[in-house]
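Please read the structure below before turning to the comments.
Each reported figure results from applying straightforward, stated rules to the coordinates on display, with no laboratory input. Because the structure is predicted, anything quoted here is derived from the model rather than measured. All Cβ positions, glycine included, derive from the backbone under ideal geometry; neighbour counts span all protein chains shown.
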2 protein chains.
Amino acid sequence: MLERVFVIGVGLTKIGRFYEKHAKELFSEALWKAIDDAGGVKPQAIVVGNMTSSVLMGQDSFGALLADHAGFRGLPAFKVEAACGSGGAALYAAYALVKSGLVDVVAATGVEKLTEATTGYVTRALAQAADADYEVLYGATFTGLNAMIARLYKTLFGYTDEELSYWPLKMHEYASYNPYAQIRGKTTIEEIMSSPLIADPIRLYHSAPIGDGAAVLLLVRGEDRAREIAKKTGRDVVVELASVSLATDSVDLTTRNDLLTMDSTVKASREALKKAGLEIKDVDYIELHDAFHVTGYLSIEDLGLAPKGLAPKLYREGRFHKGDKPEINFSGGLKARGHPVGATGIYQAAEAVMQLRGDFPGFKASNPETALTHNIGGVSTTAAVAVFRRVK
Amino acid sequence: MLERVFVIGVGLTKIGRFYEKHAKELFSEALWKAIDDAGGVKPQAIVVGNMTSSVLMGQDSFGALLADHAGFRGLPAFKVEAACGSGGAALYAAYALVKSGLVDVVAATGVEKLTEATTGYVTRALAQAADADYEVLYGATFTGLNAMIARLYKTLFGYTDEELSYWPLKMHEYASYNPYAQIRGKTTIEEIMSSPLIADPIRLYHSAPIGDGAAVLLLVRGEDRAREIAKKTGRDVVVELASVSLATDSVDLTTRNDLLTMDSTVKASREALKKAGLEIKDVDYIELHDAFHVTGYLSIEDLGLAPKGLAPKLYREGRFHKGDKPEINFSGGLKARGHPVGATGIYQAAEAVMQLRGDFPGFKASNPETALTHNIGGVSTTAAVAVFRRVK
């Protein structure tokens, strides 16, 4: 019988445009915050979710570089890449490392540095989540591909752009409470609709911003160890990482079964819930992947929370807000908390853990006992879904 | 009690300059060869060791791309990056995935496509294994950094370049028997010494060539399952992957304890051997990382097989050749088998497995029962060491 896995500490940097900081510095800040949060327990291995270090920083050997700078020269460390889902994939690999017994404590981490790129261009780098030969070569940007999906969605299901703008409106509101968020100001439908068009119909305020950040989750094997650490840090609950599932789809969109269904999200979420012994209706709190407004809606639908085409309507009518089940994205989501690509999956996990512990410093969920995080890479080319559970 | 992990199939492409082939094609060839070798057993997850897809192919989401092309759309798949040690790091992650019970069969894979790069330059891309800010920015290439180490080594221990050339001489000889090797022709000390100087004192024939290739190892959990598959494929032995260890060091060389000791190699090999219940003197066969001649010698020393400074002398005197214990690099090593960067660690593992099974199609080891593989990234910034054991 394999022992269960628990989260003993989380550490986040604020997300922003930190021209003056190297990825190493952001990483060290988040890692040591997590160690402090865990009462001083240190990792025995480090898994780094990151997408763009090779292209924007000209740096490989990236896991070792970060481990060394943070004071952990020598530890097993490597980078995991799955585009914007790199953080979720790193969580999956880290979960395996600790559950297998290879190490007793592992740091599941994500870091991304998009500003002051030294060896590449951000829009080009982010497009590498798409197919180099069949999409990018012909000029597609990542926003462009998502715009095609947004156009199909609004046309097929009969929404106006204003109606779809309710998601970013709420995300900005939630993020205004989140001290780690990149965008702290509330907005209005009018402001959203008058923001610049990036790729029709997607406007600037329908999109996640470009930002830097680092996030760390410390995982331990065994409930006794987790309880001992919780006691030391004055907590009376422990948070179990009950399951992590990863699934993939094609990179290019042309061969998808259905452009408006993210098969990998469906697959990974079903599997993760099953492994945790839950159904989606049992989940109290969710952090999901909303790189664009339409991504947020598709995610709600593909997680099984709304019939296809109804997510925007239900969301505007009040579903998934405070007091509902599940409550969704009180961090402000990728839209407003920010989306430091390879770190996003770990931010989501840390936020879910804090909501379960009751110490999230932003907009608080209603005392959730179970939480799910959903992180994707590409247009759900990769989906990582994790289920967390508060254990009294 | 965690179940043990076994290798049930291996698949390799020939290494070469395949201008006409995409990385996807090389990957699919190796994966399906491994599936055939395992009597048709298919993976439930795919871990891809790769260094340069982001820079040379402009492609992220790389794990999903390869899984899809090989016919495994949907499976958990992600890329692991640890520079030239990406394959070894992927083996480490894959071992954890299967040992943890997340999946029952995993493909530990590596693929690299260095020829016909579409979005970058090979020498620049390979330099990304070094520190972008403290080394590459000042003009260092990866060969340049290793040349400094080679110069220090020969000066300190009093070797001539001719004396150090015995390693490549033997590697070329061994590779001439290996159908997967990039370089199949034997050479002479005179030819080595008259080859172009790349970075003094390293000459072309002291260096691993640039090549493309893909390698796959299929791992399963549980001896019963492994025996059942072995029976089906007509084999009377199974090969256990007894341990995999990963360790790191600084990326930049300036802060190393000793330029001529690869601390991460020392650490990873000691740990891997300890976990397997062995000492280095018990190991019958080794595939080690010889990106340059000096790397081969340092590896021998840091694995604990020779006192510092004596590896070239002992090697010339006949140590580590056919009939000795251990026998080393009968594949031809990185030097002549080739070094498709992120795939190299998996090539080594596959070669070790075939030597243990007795079906390596090249220069055969003397019926080994235990084998060790040693794969590094950067100047041993990352070291991955795996121990394999034949079980009757």
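The base-10 log of I(q)/I(0) for segment A:148-247, evaluated at q = 0.21 Å⁻¹, reads -1.07 [Debye formula, identical scatterers on Cα atoms, solvent excluded].
Place a label point 7 angstrom from the Cα of B:TYR134 along the Cα-to-Cβ direction, then list the residues of segment B:232-263 whose backbone nitrogen is under 11 Å away. Within reach of a label on B:TYR134: B:250-257. What residues from segment B:362-386 fall in the zone where the backbone N is under 17 Å from a label point 7 Å along the Cα-to-C-beta line of B:VAL237? Zone members listed by number: B:362-373.
Residues considered: A:HIS22, A:HIS206, A:HIS172. Largest GNM mean-square fluctuation over chain A, using C-alpha springs under 10 Å, is found at A:HIS22. Per 5 Å bin, what percent of the C-alpha pairs of segment A:328-369 does each bin hold, from zero upward? Over segment A:328-369, the share of Cα pairs per 5 Å bin runs 6, 25, 34, 21, 10, 3 percent.
Sorted ascending by nearby beta carbons within 10 Å, beginning with the fewest, B:ASP249, A:ASP37 become A:ASP37, B:ASP249. Using equal-weight Cα scatterers in the Debye expression, the normalised intensity of segment A:283-392 in log10 at q = 0.15 Å⁻¹ is -0.57.
Each residue of the protein assembly as shown gets 134 Å³ once the volume of the Cα convex hull is shared out per residue.
Karplus-based coupling profile of segment A:143-155, in residue order and whole Hz: 5, x, 5, 5, 5, 4, 5, 4, 5, 4, 4, 5, 6, with θ = phi - 60° in 6.51 cos²θ - 1.76 cosθ + 1.60 and x standing for Gly or Pro.
With axes computed from alpha carbons, what is the tilt in degrees of helix B:293-302 against the longest principal axis of chain B, rounded to the nearest 10 within 0 to 90? Tilt relative to chain B: about 70 degrees. Taken along the Cα-to-beta-carbon direction at a fixed 7 Å, the label points for B:LEU152 and A:THR155 span 6.3 nm. Between the helical axis of A:23-37 and the longest alpha-carbon principal axis of chain A there is an angle of about 60 degrees. Projecting label points 7 angstrom from Cα along Cα→Cβ for A:GLU163 and B:LYS274 puts them 6.4 nm apart.
Are there any chymotrypsin sites (Phe, Trp or Tyr not before Pro) in segment A:71-134 that are in a DSSP loop and have at most 11 other Cβ atoms within 10 Å? List them by number. Here the sparse-neighbourhood loop sites are A:TYR121.
Sorted shortest first, the distances from the A:LEU137 label point to those of the same residue in the other copies are 3.6 nm; each point sits 7 Å from Cα along Cα-to-Cβ. The B:ARG184 and B:TYR19 beta-carbon pair, evaluated with R₀ = 25 Å, returns a calculated FRET efficiency of approximately 0.85. Close amide H partners of B:GLY9, meaning residues 5 or more places away or on another chain with modelled amide H under 5 Å apart, are B:LEU218.
For A:ASP324, the point set 7 Å out from Cα toward Cβ sits 7.1 nm from its twins in the other copies, listed from shortest up. If you take all other residues with their beta carbon under 13 Å from the beta carbon of B:GLY211, and give Lys and Arg +1 and Asp and Glu -1, the sum is +4. Stretching A:LYS42 away from A:VAL391 to a fully extended chain increases their span by 123.4 nm, per 0.36 nm per residue minus the current alpha-carbon distance. Taking other Cβ atoms within 10 Å as a rough exposure proxy, B:SER28, B:SER245, B:SER366 sort from fewest to most as B:SER366, B:SER28, B:SER245.
Divide the volume of the convex hull around the Cα atoms of segment A:1-71 by the residue count and you get 123 Å³ per residue.
In a DSSP loop and with at most 15 other Cβ atoms within 10 Å, the GluC sites (Glu not before Pro) in segment A:17-124 are A:GLU20, A:GLU116. Between the alpha-carbon centres of segment A:215-230 and segment B:86-122 there is a gap of 28 Å. The calculated 222 nm mean residue ellipticity attributable to helices in the protein assembly as shown amounts to -10500 deg cm²/dmol, summing -39500 (n - 2.57) over DSSP H runs of n ≥ 4 and dividing by all residues.
Residues whose amide H comes within less than 5 Å of that of B:ASP290, counting only those at least five positions distant or on another chain, are B:LEU334, B:LYS335 (H built at 1.01 Å from N in the peptide plane).
Compute the angle between helix B:263-275 and the longest alpha-carbon principal axis of chain B, please, reported from 0 to 90 degrees and rounded to the nearest 10. For helix B:263-275, the angle is close to 30 degrees. Across the copies of the chain, B:PRO196 has label points (7 Å from Cα along Cα→Cβ) spaced 4.6 nm apart, shortest distance listed first. Each Lys or Arg adds one and each Asp or Glu takes one away; over the other residues whose Cβ falls under 9 Å from the Cβ of B:ALA311, this sums to +2.
Taking every residue in A:248-256 and counting other chain Cβ atoms within 10 Å of its Cβ, the average works out to 5. Can you list the trypsin sites (Lys or Arg not before Pro) in segment B:287-328 that are in a DSSP coil and have 16 or fewer other beta carbons within 10 angstrom? Those satisfying the criteria are B:LYS308, B:LYS322. Hydrodynamic estimate: the Kirkwood radius of segment A:202-306 over Cα pairs, inserted into Stokes-Einstein at 20 °C and 1.002 mPa s, corresponds to D of 128 µm²/s. Rg of the Cα atoms in segment B:32-107, relative to 2.2 N^0.38 Å, amounts to 1.09. Both the radius of gyration and Dmax for segment B:296-358 are 12.5, 34 Å, in that order, over alpha-carbon atoms.
Inter-chain neighbour count for B:123-129: the average number of beta-carbon atoms from partner chains within 10 Å of each residue's beta-carbon is 3. For segment B:356-370, the residues whose backbone nitrogen is under 17 Å from a point 7 Å from the Cα of B:LYS325, taken along Cα to Cβ, are B:356, B:365-370.
As a proxy for reagent exposure, A:VAL10, A:VAL41 were ordered by neighbouring Cβ count within 10 angstrom, fewest first; the result is A:VAL41, A:VAL10. The local environment of A:GLY101, defined by Cβ-Cβ distances under 14 Å, has a net charge of +4 under the rule Lys, Arg +1 and Asp, Glu -1.
If you wrap chain A in the convex hull of its Cα atoms and look at it from every side, the mean projected area works out to 17.2 nm².
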